[in-house]
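Worksheet for the structure shown next.
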Amino acid sequence: MSEKRLPAPLTSKALGVAAWLALGLGLTLAVTAAVYMRVAVEVRVKADFDAQCKDIQHQVESRLYAHARILQSGAAFFNASEVVSRRAWQEYNELQKIEQQLPGIQGIGFALLIPPAALAGHLRDIRSEGFPTYQVFPSGDREVYTAIIYLEPFSGRNLQAFGYDMFSEPVRRAAMERARDEDSAILSGKVRLVQETDDQGQPGTLMYVPVYRKGLPKDTVAQRRAALYGWVYSPYRMYDLLQGILGERDPGQEQQMLVQIYDGASPVPQALLYSSQAADEPAYVSGARLARQISIDFNQHRWTLCLAQAGGRRLATPYALSWLTLVGGTLSTLLLFALIRALQNTRDHAQRMADALTDDLRKERQRLGCILQGTNVGTWEWNVQTGELRINEKWAQLFGYTREELAPVSISTWDERTHPDDLVRSNDLLERHFSGELPFYACDCRMKHKAGHWVWIQDRGQLITRTSEGSPLMMFGTHADLTKRKQVEAEKEQLEAQNQQLRKSESLGCMAGAVAHHFNNQLMGVMGNLELAMMYSAVSSGEAGLSECLAVAMQSAHKASVISGLMLTYLGHTQATIEALDLSQVCLQALPLLRAAMPGSVGLVTHLPTPGPIINANALQIQQVWTNLMTNAWEARSTESNTLSLTVKLTFGSAIPPAIRFPVDFHPGHEIYACLEMADTGGGLMEKDFDKLFDPFFSTKSTGRGLGLPVALGIVRAHYGVITVENNMGCGSIFRVFLPTVKPPQVQASIEAENSPGNTPVVSVP
């Protein structure tokens, strides 16, 4: 059996080698750990800085486009309204809650374009609203004027801008002209706002969106210039604006961020709009450890964003920890412990940073979700290769569904609910976008609602990624409800058709008036010669037959003269004496004659306040108007019994119904109107006959001549008034005549107060 040998003990040389090896390994590990910690922290700090830069850029860009959307909605408000009064503009902005949604905004206003010839009338109109000292400033003669007439909130600094002609200042004018010519939201260059009251005021800028007159084309620059009505705009005090955008940032964070914004592409001192700290030079050359310059382009107007990061304690930490780790590595037993703890601490810190980033991402998603919810749009994400479609709840709600009702969602969900004609057009636009011909996909289409009707949708999107082979992969987009806008466009088209018909009617009216006048002149000669013939016939021959024939001819000529006179009245070619009249008294004076002509089965109820509204008119013509309307009501009744009512009251011009107006091109030119309302309890009117009611020689009565209503319209038109028609809930019709009053609004308001139900006399005629 062989003898077992024990291992020889380590020699002194071996121990020395082992010691040096241990020391070398310890020093290597210490140096490696120190370098790793320094690089990791610097990478993290740079990543944090880059994330902060992108966040600030995104916040500024998002806020600018949010302001643009608000201003565009204000322009749409003007286009959707007949007249936007000061009160209506105030109520609109209160409903928008702009200061809550977009903190830091100075206000939202409207600047009116004023030709030099209309300046005097403009001053009178604004002063009559309760601003006796109102002026357009600066003074002086100019080719065109603009004036800030609305600005909300209408208080504080904003009062100084009331009446300011922004077109008189070159920087503002350049932006206003760009907005006008491009039909887009445009930022101005750096300006000093008129709201600034001291020498230390903030730099300012403005955003403009044009407002065009309804119904006018604006496809070309020349057409847009001709159709311009004014601008919806917002003035911004830059420090207030940026405080509203960046106000939630922590000013006490270890790494202080210097934020500067310059107007234009060059960060020069005279172009500085905002600086978060006092600085004499741009942030990117201020000697900071981390710095970046970013361009923000808004509709071809550039801001330069300069960002810089000071060193702080976080950047000094790697150096201190590296030395501590290196010194501690000289102790063999503590070296491993310190290294493990350092690695453990690094992992924990990285985890905390990841958690913080995750929380930031969650908050960002919530913020973006709130923005999408506020804009009332649906979102979609489409995998082009698989057909998978991801939608939000709003996308489904646009068509009356929930997401659960539509599940499982795919591209077929879209195809099945899209109008076939629009689906073909949508697919064509998608292919053009996929091929690179179109930078974005945009298509207005109809989709079937759960209730069965069609909903107009504005579908917008962009391809984000492609496969390695270049095929389309992921696409993102939005859905917005366009139904109301399409309805407005249809109404505009209808109004344009009415305007074309009006132009034709005006030409025919001019010709008819000339013919009627010429016919009257010739008819007078015929009637005069007939009278002479009748006289000679009675004196000379005494033939009864000839005299009878001449009498019949004379009667026919007289009837023709009456009809010609009625046509002239319809065309507004008659002359009459105009004077200030009490409308109630005019009606009371004609009541006995009207009642004597009425059938016994027809009842009459009147509501005539005393005193009544004062109008400039001819009494006989006004009596003829309501007599013709009342006569038409009882002659057209479908039953033997009928009750007519005649009411006089006051109303605001803005309250005159916009539909079923005669003439159709009427627009209220006064604030207060007198209303003469005539209602009956008959069978009502056929809606298909509404457009022809006031046409000459049109009648729904078998015995009617069709001239009573046209004559009434001619008289009302000559008095700058309007007639509206509506059916009274299936039990008759209502005709309303609106005539401008001549007393100031405050006097008319007092008359209206006096005509309360307890003070209004009611006269009933059985």
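Below is a table of values for the structure above.
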item	result
Filter result (under 17 Å from D444 (Cα atoms) and of a type in the set (K, R)) within segment 403-425	R417, R425
Segment 616-655: number of residues that are assigned to a loop (DSSP other than H, G, I, E, B) and either surrounded by fewer than 19 Cβ atoms within 10 Å (Cβ to Cβ) or modelled with pLDDT under 80 (or both)	6
Single match in E364, E431, E393, E381 (criterion: at pLDDT below 65, surrounded by 11 or more Cβ atoms within 10 Å (Cβ to Cβ) and acidic (D, E))	E364
Candidates A147, A175, A179 - the one that is touching a Leu at 6+ places or on another chain (Cβ under 7 Å), assigned by TED's automatic domain parsing to the domain that holds L112 and within 27 Å of Q270 (Cβ to Cβ)	A175
Those residues of segment 87-98 which are over 25 Å from A659 (Cβ atoms) and buried (at least 16 other Cβ atoms within 10 Å of the Cβ), in sequence order	N93, Q96, I98
Top-ranked residue in segment 118-177 [being free of Cβ contacts under 8 Å to residues at least 12 places away in the same chain and surrounded by 15 or more Cβ atoms within 10 Å (Cβ to Cβ); ranked as farthest from the chain's Cα centre (by Cα)]	R173
Filtered residues of segment 725-746 (kept if at pLDDT below 90 and touching a strand residue (DSSP E or B) at 6+ places or on another chain (Cβ under 8 Å))	V725, E726, N727, N728, G732, S733, I734, F735, V742, K743, P745
Residue count, segment 71-109 (criterion: of a type outside the set (S, T, N, Q), assigned to a helix (DSSP H, G or I) and under 17 Å from P235 (Cβ atoms))	6
Residues that are at pLDDT 85 or above and out of contact with any strand residue (DSSP E or B) (no Cβ under 7 Å at 6 or more places or on another chain), drawn from segment 96-115	P115
Sole exception among (1) part of a loop (DSSP other than H, G, I, E, B); (2) modelled with pLDDT of 85 or more; (3) not aliphatic (A, V, I, L, M) for Q589, by number	(1)
Selection status of R237, modelled with pLDDT of 90 or more and not assigned by TED's automatic domain parsing to the domain that holds L305	no
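The values are calculated or read from the model by the stated rules, or taken from the named source; none is laboratory data. Bear in mind that the values here come from a model prediction, so they are computed numbers and not experimental data. Note that each Cβ is placed from the backbone with ideal geometry, even for glycine, and that neighbours are counted across all protein chains shown.
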